[in-house]
């Protein structure tokens, strides 16, 4: 069954009497992947699925581990949730083969939740993707377009019984710069600070200014500038303000991913102007991105992405001998790489 947005997922979960053995969520928005997964987990926990195994699929992933964990008995429960987080749909032939085998031999004591990025036309033709779409619940959640962002923010505020005028709405939109995860964090914070009712411009401005002396959004600009000392100051300030580490890592990783996509496309003969339109790059960021692309080689960007994946593993408790156990130190190492 194909569901085209998260609202249809809500309706499906309310009305469905039987569980699917596999749920796939496809979106380029981390927030939507997170929220849809949360909804599914909450639903299936009522049916006795409590233990949770998370597997992050990258180019270092050992594919035999997937088949092994599918057949392993749960230590504490009869039923468990297996989550596969696939950030890049271009996986090896071995990976595709094992995914097909996994999908065709699901353990009835497990429920699998797969997170995927948005699928291009070529990816949709892959056999394992077709198996997911034709036999199980497949949720496609589109990206919120820039022009629709104010409406999206306003609807979220309305859902928590808050309202704002157009000036204040535009202010929030400008601050979050298309980052839905950060926007959602600000929206939730507004509710805890002020509760239901109409918010004033000053209340919203005060809330945003309290985020940190250097806020999360300033990381992006300074990564593009390659300003190492400023980035170190920003990280220290965010750490002192107890900002959520996964959100900071997500912002940095997203910037690495977009630079990696642009650099790869340019080296394959694509024009940067066309790429800016394709990836909806804000006009004010385009000169900074152009400078960063000249400063950073493709190899450096690949290495930076590799480091970001390792930090994500650290957060999940997967310690590697060559990496620090303090993720803040690892993040500092990452920004040194990006500062080149």
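Structure above, values below:
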item	result
Residue under evaluation residue 39, criteria (1) surrounded by 15 or more Cβ atoms within 10 Å (Cβ to Cβ); (2) at pLDDT below 90, criterion not met	(2)
Breaking point among (1) surrounded by fewer than 18 Cβ atoms within 10 Å (Cβ to Cβ); (2) modelled with pLDDT under 80; (3) under 19 Å from the mean Cα position of the chain (by Cα), for residue 216	(1)
Hits in the stretch 44-62 (condition: modelled with pLDDT of 85 or more, surrounded by fewer than 18 Cβ atoms within 10 Å (Cβ to Cβ) and part of a loop (DSSP other than H, G, I, E, B))	46, 47, 48, 62
Hits in the stretch 161-206 - residues which are in contact with a strand residue (DSSP E or B) (Cβ under 9 Å, 6 or more places away or on another chain), in a helix (DSSP H, G or I) and either farther than 24 Å from residue 219 by Cβ or in contact (Cβ under 8 Å) with a residue 60 or more places away in the chain (or both)	191, 194
Any hit, the stretch 79-88, residues being touching a residue at least 40 places away in the same chain (Cβ under 8 Å), surrounded by 18 or more Cβ atoms within 10 Å (Cβ to Cβ) and over 28 Å from residue 256 (Cβ atoms)	yes
Residue within the stretch 90-105 that is within 20 Å of residue 1 (Cβ to Cβ) and in contact (Cβ under 8 Å) with a residue 40 or more places away in the chain present	yes
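The values are calculated or read from the model by the stated rules, or taken from the named source; none is laboratory data. Since the model is a prediction, treat every value here as computed from it, not as a measurement. Cβ: placed from backbone, ideal geometry, glycine included. Neighbour counts: every protein chain shown.
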